[in-house]
Amino acid sequence: MSKQALDNITNALAGNNELLMKQKIMQLGKNYTVMDSNQNPLCYVRLDWKSNMAGNMLSSIGGRMVGRMMKYTYAVSDSSNQPALEIRKGPGSFKSYFDIVEPESSEKIGGIGLKRSLIGGMQAEWQDPQSGQPLIRTQGNVIRRQYSMVDPSGNEIATVRHKIAAIRDVWKLDIKGGTNHLHAVIFASILDFEKEM
């Protein structure tokens, strides 16, 4: 099922260079709905409620650094809520790594290396699963949602901007043609989740 769901997401995202990302904080978890410009859902990225509650509990007891040390798993699903990918975070507070995995085959399609600074900034790279070479990196202020994604040559391939005033809790992801839309969506979603952890 995960392969079909992955194909569904890839097809849904294709050609949508302006995506809307809606954050929904539920009682038992957090999720992002990825929508087209007409607010039609294309896919979802979620942190399950167990991980969310455990992280909040550890953060309240030992501070944010303790909560960030946790391992947890995000799920990517298609618009029918069929699971497609898992994003598995390893341990680490100032430095952490995320494996993006197709769960049925355990095939790794990418990885995200994330670094936090002592003053609260964040930088990240999407890395090739075989070579570990960076394919996408951040440029700008991730915390304020004012950043670009750039390729290894420094060319801008996507931009993330503030919330859209007319639509509550929604921010915009603009993707340049030729970019892997799914990689950009996963990258942006994880950074947004992590900046609040």
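A short reminder: the numbers here are calculations on the coordinates, not readings from a lab. All of these numbers come straight from a predicted model, not from anything done at the bench. Methodologically, a virtual Cβ is constructed for each residue, glycine included, from the backbone with ideal geometry; neighbour enumeration extends over all protein chains shown.
What residues have an amide H closer than 5 Å to that of Val142, excluding those fewer than 5 places away on the same chain, when H is modeled at 1.01 Å from N in the peptide plane?
The answer is Met122.
I'm a student and want to see the number: the projected area of the Cα convex hull of segment 98-166, averaged over all directions, in nm².
6.6 nm²
With a 10 Å Cβ neighbour count serving as the proxy for reagent exposure, in which order, fewest first, do Met122, Met35, Met149, Met21 appear?
So the ranking, lowest neighbour count to highest, is Met122, Met35, Met21, Met149.
Kindly put Leu6, Leu135 in sequence by how many other C-beta atoms sit within 10 Å of each C-beta, fewest to most.
Listed from fewest to most nearby Cβ atoms, that is Leu135, Leu6.
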